[in-house]
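Asks: There's a structure below that I have some questions on.
The values are calculated or read from the model by the stated rules, or taken from the named source; none is laboratory data. Here the structure is a predicted model, which is why all the values come from computation and not from measurement. Positions of Cβ are generated from backbone atoms using ideal geometry, with glycine treated the same way; all protein chains shown enter the neighbour counts.
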C-alpha cells in the first residue's frame, strides 16, 4: 500500500509579489546612497588635490622671475604701486576688486584678466591672467599666465581636472596711505574644477581645446550662471556687497553668523553664494564657508538673500559689515562655482 506524501509547501503569488516589493525598496534605498557617496568622495578628493593645486599656484606666483623683479619696476611691485596710486587718487575708494576683474574705474593696466593672443599665434585664449607692467598694452602684456598654463595636473597624457585663478587682495583708502614699498601684497587663489561637459575632438586633448580658445575652462552664460560645458564667458570670481551681519533667530547670545546681501545683488551671484559648501573671502583675507541657508521668517533680515557662515564674524568685522565705522565697506569675493579650495597667500612681505 502506497502512502501519499504530504503536500509540498510553496510560495503564493502574493508572497512573491511582497518579496519583490521589499527587494525593490531595498535596492532603491541602496541606489539613493550612491550619489551621496560619489559626492563625498569628490569633495574629499577636492580637499586633497585642491590644497596641492593651490600650493603649486602659490609657487608659480612667488617664483615668477618677472613678477618678482627686484628692481621694483615691474611685476608685483609695480602693480602694488599703481594700485595704491589709484587708491590715493580716489577719496571714496574702498575696494577695486570689481575694477581689477573688468571694471572701468581704474587704468586698464590694472585689469588683470582678458583674452590674450599667444606669441606667434593669432588664437586668443580667454581667461588669461595678465600684468601690463610699465610698457605693456592689453594686446601685448608684459606678463601673461594663460589659462592653459594654469591647468592642473599637467603633463603628457594627463587630463587636467582643475584651473587656478589669482585675484589681488586689495586694501582700503586708509591702507593706501602706506608707501607701497612697505605694504604687503597678498593674493586670493581660487582652485576650481574644469567644466565636465567640454567636448574634446578625436586626436586632441582637453588642454588643446582650452588653449585654442574654442572652449573655456569654466564658463558662465550672459546672466552669469555656470554652463558646465565650456561654452560662454570665462567664469571670473564676482564681488558681492552685504547689507549686514545678523544673529540668527534674533537671539542676543547667538553669534553673528548670518550674512545678508543687498537687493541689488545679481541673481547669479546670489545663487552662487547660497550654495552649501561655498567659500567666500572678505577684503581682509578672511575665508568663510556657507553652512546653511536660513528659512525663518520675521528674523530681522530677508532669508532669501542671506546665508549662514562659519566661522562667525568677529566684532570689528560685524561693525564694518554693518557700516558702523566708515573705515571700510566690506565686500566679498565668490566664485560662480564652488571652488575645490581657496587660499590667501602673501607675495610680498
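Quick grid of which residues meet (1) within 28 Å of the chain's Cα centre (by Cα); (2) at negative phi; (3) at pLDDT below 70:
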residue	(1), (2), (3)
26	no, yes, no
58	yes, yes, no
74	yes, yes, no
90	no, yes, yes
110	yes, yes, no
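Asks: Another question about this same structure. Being at pLDDT below 90, at positive phi and surrounded by 14 or more Cβ atoms within 10 Å (Cβ to Cβ), is that true of even one residue in the range 231-239?
Replies: So far as the range 231-239 goes, no, none of its residues is at pLDDT below 90, at positive phi and surrounded by 14 or more Cβ atoms within 10 Å (Cβ to Cβ).
Asks: Could you check residue 95 against (1) farther than 19 Å from residue 345 by Cα; (2) at pLDDT below 70 and say which number it fails?
Replies: Condition (1) is where residue 95 drops out.
Asks: Here's a follow-up. Keeping to the range 195-227, report how many residues are out of contact with any helix residue (DSSP H, G or I) (no Cβ under 6 Å at 6 or more places or on another chain), in a loop (DSSP other than H, G, I, E, B), in contact (Cβ under 8 Å) with a residue 60 or more places away in the chain and over 17 Å from residue 164 (Cβ atoms).
Replies: 2
Asks: Determine whether residue 268 is in contact (Cβ under 8 Å) with a residue 24 or more places away in the chain and buried (at least 19 other Cβ atoms within 10 Å of the Cβ).
Replies: For residue 268, the condition - in contact (Cβ under 8 Å) with a residue 24 or more places away in the chain and buried (at least 19 other Cβ atoms within 10 Å of the Cβ) - is not met.
Asks: Separate question: If we only count strands (runs of 3 or more DSSP E) wholly inside the range 253-348, which ones have 1 or more residues that are under 25 Å from residue 61 (Cβ atoms)?
Replies: Result: 279-282, 287-292, 332-334, 341-348.
Asks: Does residue 106 meet the test of being modelled with pLDDT under 70, more than 18 Å from residue 347 (Cβ to Cβ), surrounded by 15 or more Cβ atoms within 10 Å (Cβ to Cβ) and not assigned by TED's automatic domain parsing to the domain that holds residue 281?
Replies: Values: modelled with pLDDT under 70: yes; more than 18 Å from residue 347 (Cβ to Cβ): yes; surrounded by 15 or more Cβ atoms within 10 Å (Cβ to Cβ): yes; not assigned by TED's automatic domain parsing to the domain that holds residue 281: yes.
Against the criterion (modelled with pLDDT under 70, more than 18 Å from residue 347 (Cβ to Cβ), surrounded by 15 or more Cβ atoms within 10 Å (Cβ to Cβ) and not assigned by TED's automatic domain parsing to the domain that holds residue 281), residue 106 qualifies.
Asks: Looking for whichever is touching a strand residue (DSSP E or B) at 6+ places or on another chain (Cβ under 8 Å) and assigned by TED's automatic domain parsing to the domain that holds residue 154 here; the options are 226, 201, 255. Which one fits?
Replies: From the options 226, 201, 255, the qualifying one is 226.
Asks: Specify which of the listed residues (144, 123, 158, 167) is closer than 24 Å to residue 51 by Cα, at pLDDT below 90, more than 22 Å from the chain's Cα centre (by Cα) and outside the structural domain of residue 282 (by TED's automatic domain parsing).
Replies: 158
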